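The numbers here are math on the coordinates, done by the rules we state, and not lab data. Since the model is a prediction, treat every value here as computed from it, not as a measurement. Virtual Cβ from ideal backbone geometry, glycine too; neighbours counted across all protein chains shown.
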Ligand SMILES: Nc1ncnc2c1ncn2[C@@H]1O[C@H](COP(=O)(O)OP(=O)(O)O)[C@@H](O)[C@H]1O
Ligand SMILES: [Mg+2]
């Protein structure tokens, strides 16, 4: 019998999106083809401690997995010929757990921003999804825009503000300038964020100041954009060098914009799949999603989000390299509607990670 490859699914993490990761990871674990793969569950606490977890996915979903009966402390092996984790008991190594491939199902800080992707690269373990460079660029809204604009892909215009600059600037002058360049309403966002954390829409000077301060609580770099009036259209992309772009979906937020509550709590937020669009517009968005995926150096998966203005102008809002990944998530639904089965999506993502890892080896001989 051929030995099954061991997939380490990583969940939780230190980001504010910890709880969302628990839902996404449970879905991934439940849908891994166990005829082909063996699964190891690797949980990261909100503090950042790593554990091997051997309980069920229900307790991941309901956030009760950190139970000493089901967890063991682990630390990663950085020996390229011994890929996996050492189990620690009283700070001493007691066992070694081999891992062949990592599937990080983490959102936000330290999960989607290239940090763990770089860690697993050093540890010589193939990792599902974008590599560390692409993850870092896609996480940073300022850098994303710059790369996309240089590939002639339209994004919202934006201004960047660093906390060290803000400290020394006169706010009245700054506001006057922003009003002239962008106009109200303005969107204020931490450069590195997800799930709309720290994202706000300012209608006036007081709100601008308040929301700039809120955004600086999340990140030391923030961006400010003009309000784009339009529909929100999303495309699921899967693949490496020849990626596939799904049919499109539309979100209709229950709140004024797609904030955290509208995304995860409010049942009145609606998803329309497929989005009702003229074929030519739909094709253009899918082509732009692929062009952006390539320009940003993505691999594995990414959900590419757009605004479509009333004049049918296509504006790329942002790529999400580890999008929400449950049965009811847009990423999954778009691929399922495009003909994939749920299990097949997970299997394909694992295969893509192996293919990329092997391909990269060819270029790392010296
Ligand atoms: N410039 C904008 N104009 C209009 N709505 C926006 C703009 N930027 C963001 N939004 C709204 O805020 C939501 C979250 O912003 P986004 O940039 O996607 O951040 P996140 O990475 O947190 O999802 C979007 O889905 C959209 O509803
Ligand atoms: Mg978004």
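With R₀ set to 30 Å, the beta-carbon distance separating residue 279 from residue 33 gives a calculated FRET efficiency near 0.30. Modelled spin-label separation between residue 254 and residue 47, with each label point placed 7 Å from Cα along the Cα-to-Cβ direction: 3.5 nm. Relative to the current alpha-carbon distance between residue 361 and residue 151, full extension at 0.36 nm per residue lengthens the span by 72.8 nm. Relative to the longest principal axis of the Cα atoms of the chain, the long axis of helix 342-362 lies at roughly 80 degrees.
For a modelled paramagnetic label at residue 4, 7 Å from Cα along Cα-to-Cβ, the residues of region 35-51 in reach, with backbone nitrogen under 13 Å, are 35-41.
Length gained on full extension, residue 184 to residue 160: 7.0 nm, using 0.36 nm per residue less the C-alpha separation.
Tell me, what is the FRET efficiency for residue 88 and residue 294 to the nearest 0.05, using R0 = 35 angstrom and their Cβ-Cβ distance as r? Intermediate values should be presented prior to the final figure.
Numbers: r = 42 Å, r/R0 = 1.19.
E(calc), rounded to 0.05, equals 0.25.
For the residues 338, 94, 254, a GNM of the chain with alpha-carbon springs under 10 Å puts the largest fluctuation on 94. Residues considered: 275, 191, 245. Largest GNM mean-square fluctuation over the chain, using C-alpha springs under 10 Å, is found at 275.
Length gain on complete extension for the stretch residue 206 to residue 287, per 0.36 nm per residue less the alpha carbon to alpha carbon distance?
25.1 nm
Projecting the alpha carbon convex hull of region 5-127 along each direction and taking the average yields 7.0 nm². By the helix-only formula, in which each DSSP H run with n ≥ 4 contributes -39500 (n - 2.57) and the sum is divided by residues, the chain has a 222 nm mean residue ellipticity of -10500 deg cm²/dmol. Under the simplified labelling scheme, the residue 267-residue 167 pair shows an inter-label distance of 4.8 nm, with each label point 7 Å from Cα along Cα→Cβ.
Remark on region 159-226: hydrodynamic radius 11.6 angstrom, per the Kirkwood mean of 1/r across alpha carbon pairs. Taking region 333-364 and a reference point 7 angstrom along Cα→Cβ of residue 241, the backbone N atoms nearer than 18 Å belong to 351-364. The tail of the calculated P(r) for the chain, taken as Cα-Cα distances beyond 30 Å, holds 39 percent of the pairs.
Round to the nearest 0.05 the FRET efficiency obtained for residue 177 and residue 328 when R0 = 51 Å and r is the Cβ-Cβ distance. It would help to have the intermediate numbers written out before the result.
Values: r = 43 Å, r/R0 = 0.84.
The formula returns an efficiency of 0.75 here.
Whole-Å semi-axes of region 38-107's equivalent ellipsoid, largest first, each the root of 5 times a Cα gyration tensor eigenvalue? Don't skip to the answer; put the middle values down first.
Values: eigenvalues 81, 44, 24 Å².
Calculated on Cα positions only, the semi-axes equal 20, 15, 11 Å.
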